[in-house]
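Here's the structure we're looking at; comments come further down.
The values are calculated or read from the model by the stated rules, or taken from the named source; none is laboratory data. Keep in mind it's a predicted model, so treat the numbers as computed, not measured. Cβ placement follows ideal geometry from the backbone for every residue including glycine, while neighbour counts extend to all protein chains displayed.
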Amino acid sequence: MALYVMGDFHLSLSTDKPMDVFGDAWAGHEKKIAANWPLCAGDTIVINGDISWAMDLNQAAADFEFLQKLPGRKILLKGNHDYWWTTMAKLRQFAAAYPSIDFLFNNSYETEECLICGARGWLTESRQEQDAKISKREQGRLRRSLDSRADADKPTYVFLHYPPIFGAERNDDILEVLKEYGIRRCYYGHLHGSQAHRIACTGAFEGIQMYLTACDYLGFEPLRVD
Ligand SMILES: [Fe+2]
């Protein structure tokens, strides 16, 4: 009953979006993901954003099929490239054909060991009014996710797509919630390439353990959470 995390699968099984333009490591990356897959039936993985390049659910079907065939339960969180992500009602209807797939959006999940909460998050270098609005909305979604926990006695891990801190940039809306709810571990994705990976925040940060889980950072092998 292990829990794993890895984000940024960037699947494109029915769209023409080869990822090797982002570096040799990405060549045939979905084959690497399948070959390295450590989950058994009964295990769970959080896929924290940028799941598929599809523009709509029809296009996403081949990518969902790929995920469905991999063992274990998959909990999907929205990233900045998930244009196929629509309303929860439509997503749930679509995913009825893929019973191993669930969505983390204003809700939470429980395993034997822990509670799973999260939101997409937001991080930007500009200070536009629009950014502040998006950041507050994501803060609200993270709060709703945390407030949806039935029993907060187990450790709660937070999963985001955007890093709450990157270089000199920090999202205080998100960090404030992490601290308010006493979250000790935060997993995020979004950052690709060695330059971004070098300055990514990993390890202890203001009392929270930060983990970067973008799949190129993890060598396309999911990280065990507990
Ligand atoms: Fe990504």
Query raised in the report: If you check Gly203 against the conditions, is it away from the ligand (no atom under 16 Å from the Cβ), farther than 24 Å from Phe103 by Cα and modelled with pLDDT of 95 or more?
Result: yes
Query raised in the report: When residues of the range 185-215 are filtered for being closer than 19 Å to Pro155 by Cβ and touching a Pro at 6+ places or on another chain (Cβ under 9 Å), how many remain?
Result: 7
Query raised in the report: If Gly219 passes every condition in (1) part of a loop (DSSP other than H, G, I, E, B); (2) within 16 Å of the ligand (Cβ to nearest atom); (3) closer than 16 Å to Phe159 by Cβ but one, which one does it miss?
Result: (3)
Query raised in the report: Hey, among the residues in the range 19-62 that are within 15 Å of the ligand (Cβ to nearest atom) and touching a Ser or Thr at 6+ places or on another chain (Cβ under 8 Å), which one's farthest from His81 (Cα to Cα)?
Result: Met19
Report task. For the range 109-142, enumerate the residues that are closer than 16 Å to Arg170 by Cα and part of a loop (DSSP other than H, G, I, E, B). Result -> Arg120, Gly121, Trp122, Leu123, Thr124, Glu125, Ser126, Arg127, Gln128
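With within 16 Å of the ligand (Cβ to nearest atom), at pLDDT 95 or above and in a strand (DSSP E or B) as the only criterion, which of Tyr162, Tyr187 stands out? I'd like the intermediate steps shown before the answer.
Values: Tyr162 fails: in a strand (DSSP E or B).
Testing whether each residue is within 16 Å of the ligand (Cβ to nearest atom), at pLDDT 95 or above and in a strand (DSSP E or B) leaves just Tyr187.
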Query raised in the report: If you go through the range 32-65 one residue at a time, how many are part of a loop (DSSP other than H, G, I, E, B), of a type in the set (Asp, Glu) and farther than 17 Å from Met6 by Cβ?
Result: 1
Requested in this report: Could you list, in sequence order, all residues of the range 28-38 that are touching a Leu at 6+ places or on another chain (Cβ under 7 Å) and not small (Gly, Ala, Ser)?
Outcome: Glu30, Trp37
Requested in this report: Might you let me know whether the range 167-186 holds any residue that is surrounded by 22 or more Cβ atoms within 10 Å (Cβ to Cβ) and touching a residue at least 40 places away in the same chain (Cβ under 8 Å)?
Outcome: yes
